Structure formats: C-alpha cells, structure tokens
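Quick notes on the structure that follows.
The values are calculated or read from the model by the stated rules, or taken from the named source; none is laboratory data. Keep in mind it's a predicted model, so treat the numbers as computed, not measured. Cβ coordinates were reconstructed from backbone atoms using ideal geometry, including for glycine residues, and neighbour counts include every protein chain displayed. Ligands, DNA and RNA are excluded from the accessible area calculation, which covers all protein heavy atoms including side chains. Shrake-Rupley method; radii C 1.70, N 1.55, O 1.52, S 1.80 Å.
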Amino acid sequence: MKRYMKSKLLSILLIIAMIGAFSAEGFAIGEPSEVFNGRVFVSDVKTQLAPGAVEHKITTNNTSGTDQNIDFLTEVDLNGTGTIKVMSCYAGYSTMSDGKVSWQMMTMPEQAQKAQSYFDAHQEKYPNYKVVGALVGDTYNMGTGQPSHVLVIDGVTYQQADGTYYFAIDKNGRAIITNSMDTSNMESAVGGMGLIVQNGQNVASVGNSYVDGSFSRAAIGITAEGKVVTFCTYGNSYPISCGYTWSEVADYLIAQGCVNALMLDGSGSAEWCARYEGTDNVVSVSHPSDGSSRAVGSCLLIVSTAAPDGVFARASVTPDMSVYTPDSIVHFSAVGADSAGNPAAVPDDAEWSLVDSSMGSIDSDGVFTSNGAQGDVKVNLVYDGKICGS
C-alpha cells in the first residue's frame, strides 16, 4: 500500500526534559540527525518515569515526509540508582505461587494494576515497589492465555525454557537475552518471537509477510553497558504512525546502542503503559492497533523501589502537544513530584520563564504565545531560584 502525506509538518518544536534526570552521553536516542536507514529525527519528548528510567516519545520520518512513525523507547539503568527493576508479570500475578498457575488473559493496564495491588499488600517483601512502566511480553495462546515460551516470575519457573531466545533478569540483577534451557539462576524471564540483534548485528528474520510487513511492534534490547531499552510503536494509525518490519526495529535498536535485542509480541498486542511522575496510575500511552487495550498473557514491568518523602523535588512540564505551527498559543502545565517520583504539590510561587525570548513570550499561567518565528522553544519552571522542570 502506498503512503501519502498531504502536507509537511513544520513547527515550533517543543522538547520536554527533566533537568538533571537524563544524560544523553553514550546513548543515541534523540540525536537530531539520521536515526537509521535514512529515517530522520523529528522530535523527542523525554519524560522521567522514576530515578533510573527515562521514556522517550520519538517521532521520525523518511526524507520525503511520507512515512512518519511515533515510538516509545524507555532507557532503564539497572546499574545506576539501584532503585529501578525490570520484572516479568502475568495476567494472574497475584494468584501464582509455587509454580502453579491458572492461565488467563488480561489487558496491560489491568496487569499493572493487579501487580501494584499485590506489591502494596505485601510491603514486607516488596518495599516501596511502584510500577512505572509496562510492556507487552511473549505471544500466547489466544484461547487460554498460556505464553508460547518460557515464563519465570520472582525466581519461580511457571513455564520451562524450550530453546528459543528470551529476555531475563538473573539473580545478580543482570539483564540478559539467552536461549539457555537452565532457568535456575533467573529471577525473571519472558519469551518472545525471535532474536533480532545479536552482538550488535541485525539478525532479524526475513522472508514472510508478517516479519517483512509494516506492523505495530514491541521489542526489548540491552546495551553494552547493561542498560535495558524497551521499544513500542504508537500503533498502526496511518498517517500518524506507519509501523516497521522486524529488520527496521533491529536497525533502530542498534542505533540506540543495543548489542542484543528480542522481538516481543506485536500488532494489536503491542502496547506500552506508563505512570508519569506526580501521578498515581499506570495508563496506556501508546495507541494499540485494535483501538483499545487487548487482553494478553505475559508482560514486563518497570518497577521503582525509591522511597517517597512527599517533599517537592521537581516538576514534569508538558504542553498539550509537542509540535506546533508558528503563531500558535501553547498552554503549559506542571505536575509536581518528590525525589521518588510520587505526587508532590508544585509550590504556588514557582514561575514560568523562557530560555530565549526571541520566539515569543510566556505568562504567569504558563501560556506561551509565539511571535511567528520557527525553531525550538525551551520553557523552564523555576522555584527558589532553581530550575525544577523544563
């Protein structure tokens, strides 16, 4: 099918970041240049989910402007703060014990909520555990919900490895992608559709209509430094987001520094959910191809264990969109969070300011008025003489 775009998107580009929350050094996400295979960077909206986990909502296009994609990539630094984890999950999480499971299906937001409720009810084992992200896991039997491949949760193997590749966290907290039949050293493990990056090389399957077609995809990769990168497309919603082949996802993750990567479930099952700092609930932020969340089997959770203190530490600053035409009026808002990312009220005397006033002006209510110029605008929220969000 040919793709058409009637007009080019040219804009005031508003890139949201949390000051001090993320360093791009050694990580290619968001570079304003070619991303991979001739695709070019359009925008990157960065949002800290918790200390050690940063989501990137990245828009790219081809050089003709006819193949836009919006993708959610989250970098999880397992070796950084020591308060961030990647855990496997299943629809019946709260009812699983001692290797026994009743196979079932549940939407991703429901799975995240069930897991959070379980953590809250068992604080002695899961102190301060807060689900901040959820990505679809393995393919599954759509009649029963049974995953197609291995499943290990909290060190217990519920479905044995079968020789196919899977993503795992070992009992030393290290992320690996392996096809080992021995899961005794695995704390978490979730299977997938196939290996797509190995030792920094694209090894994605080719040759059939599903892997070679442009579909919504989910994948997970590991960088040379041991960071985990989750990937999920916006959803097949032409012309907003047009999807990828397996090989394109592999090249994308290689461009982000991944040395190994696994394709997870896709099409209508591909979904990314997040709990943004200063909020209480994990919600779907992608747009699954079915039009709503699909009931699935396994998933992967990003979990923060940072202890809340309730004291305002920073703000997540967002406009109502990220790309605008000149002469726009843009309404900014700020949500406050404490050092762990839990809700904390933004102080009344916090003030809005512009780094460069040549693009327009911003008032005390966070309303930016463009003067018609084209370019990038950076907006800060300042409290007590310091930038607390931008």
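Could you list, in sequence order, all residues of region 302-328 that are aliphatic (A, V, I, L, M) and in contact with a Phe, Trp or Tyr (Cβ under 9 Å, 6 or more places away or on another chain)?
VAL303, ALA315, VAL317
Any idea which of GLY268, GLY191, GLY235 is under 15 Å from the mean Cα position of the chain (by Cα), more than 30 Å from VAL311 (Cα to Cα) and open to solvent by less than 10 Å² (accessible area, probe 1.4 Å)? Steps first, please.
Details: GLY268 fails: under 15 Å from the mean Cα position of the chain (by Cα); GLY191 fails: under 15 Å from the mean Cα position of the chain (by Cα).
Just one listed residue meets the conditions, GLY235.
I need every pair where a residue in region 123-150 that is at negative phi has its Cβ under 7 Å from the Cβ of a residue that is acidic (Asp, Glu) and open to solvent by 50 Å² or more (accessible area, probe 1.4 Å), sequence separation at least 6 or different chains.
Sorted first by the residue in region 123-150, then by its partner, the pairs are HIS149/ASP162; VAL150/ASP162.
May I ask you to list the residues in region 74-102 that are touching a helix residue (DSSP H, G or I) at 6+ places or on another chain (Cβ under 7 Å) and open to solvent by less than 40 Å² (accessible area, probe 1.4 Å)? Let's see the steps before the verdict.
Just the residues of region 74-102 that are touching a helix residue (DSSP H, G or I) at 6+ places or on another chain (Cβ under 7 Å), to begin with: 89, 91, 93-94, 102.
Answer for region 74-102, where residues must be touching a helix residue (DSSP H, G or I) at 6+ places or on another chain (Cβ under 7 Å) and open to solvent by less than 40 Å² (accessible area, probe 1.4 Å): CYS89, ALA91, TYR93.
Can you tell me which of (1) closer than 23 Å to MET142 by Cα; (2) in a loop (DSSP other than H, G, I, E, B) is the one ILE220 doesn't meet?
Going through (1) closer than 23 Å to MET142 by Cα; (2) in a loop (DSSP other than H, G, I, E, B) one by one, ILE220 breaks only (2).
Filter region 354-390 down to residues that are open to solvent by less than 40 Å² (accessible area, probe 1.4 Å) and of a type in the set (Gly, Ala, Ser) and give me whichever is nearest to THR81 (Cα to Cα).
So, considering only residues that are open to solvent by less than 40 Å² (accessible area, probe 1.4 Å) and of a type in the set (Gly, Ala, Ser), the one nearest to THR81 (Cα to Cα) is GLY389.
So TYR126 passes all but one of these: (1) in a loop (DSSP other than H, G, I, E, B); (2) surrounded by 22 or more Cβ atoms within 10 Å (Cβ to Cβ). Which condition number does it fail?
Here TYR126 clears every test but (2).
Any residue in region 358-386 that's closer than 11 Å to SER328 by Cβ: show its pairings with residues that are charged (D, E, K, R) at Cβ separation under 7 Å, as long as the two are six or more apart or on different chains.
Here the result reads SER370/ASP327; GLY372/ASP327, each pair linking region 358-386 to a residue that is charged (D, E, K, R).
For region 238-265, what are the residues that are buried (at least 24 other Cβ atoms within 10 Å of the Cβ), more than 16 Å from the chain's Cα centre (by Cα) and more than 19 Å from TYR210 (Cβ to Cβ)?
ASN260
So GLY235 ticks every box in (1) free of Cβ contacts under 8 Å to residues at least 60 places away in the same chain; (2) assigned to a strand (DSSP E or B); (3) not hydrophobic (A, V, I, L, M, F, W, C) but one. Which box is left unticked?
Result: GLY235 passes all but (2).
Given the conditions (1) within 15 Å of VAL296 (Cα to Cα); (2) modelled with pLDDT under 90, and given that GLU110 satisfies all but one, which numbered condition is not satisfied?
(2)
Among the residues of region 204-220, how many are under 23 Å from the mean Cα position of the chain (by Cα) and open to solvent by 20 Å² or more (accessible area, probe 1.4 Å)?
Qualifying residue count, region 204-220: 2.
Do you know which residues across region 288-326 are surrounded by fewer than 19 Cβ atoms within 10 Å (Cβ to Cβ) and within 30 Å of GLY145 (Cα to Cα)?
Listed by number, the residues that qualify are ASP290, GLY291, SER292, ALA295.
If I ask for residues that are in contact with a Phe, Trp or Tyr (Cβ under 8 Å, 6 or more places away or on another chain), touching a residue at least 60 places away in the same chain (Cβ under 8 Å) and open to solvent by less than 10 Å² (accessible area, probe 1.4 Å), which ones from region 46-73 would you list?
Listed by number, the residues that qualify are LEU49, GLU55, ASN69, ASP71, PHE72, LEU73.
For region 1-99, please list each of the strands (runs of 3 or more DSSP E) lying entirely inside it that holds at least 2 residues being more than 30 Å from ASN172 (Cα to Cα) and at pLDDT 50 or above. If you could, list the steps in order and put the result at the bottom.
On the way: elements: 12-14, 34-36, 39-50, 53-61, 69-76, 84-90.
Where strands (runs of 3 or more DSSP E) fall fully within region 1-99 and carry at least 2 residues being more than 30 Å from ASN172 (Cα to Cα) and at pLDDT 50 or above, they are 34-36, 39-50, 53-61, 69-76.
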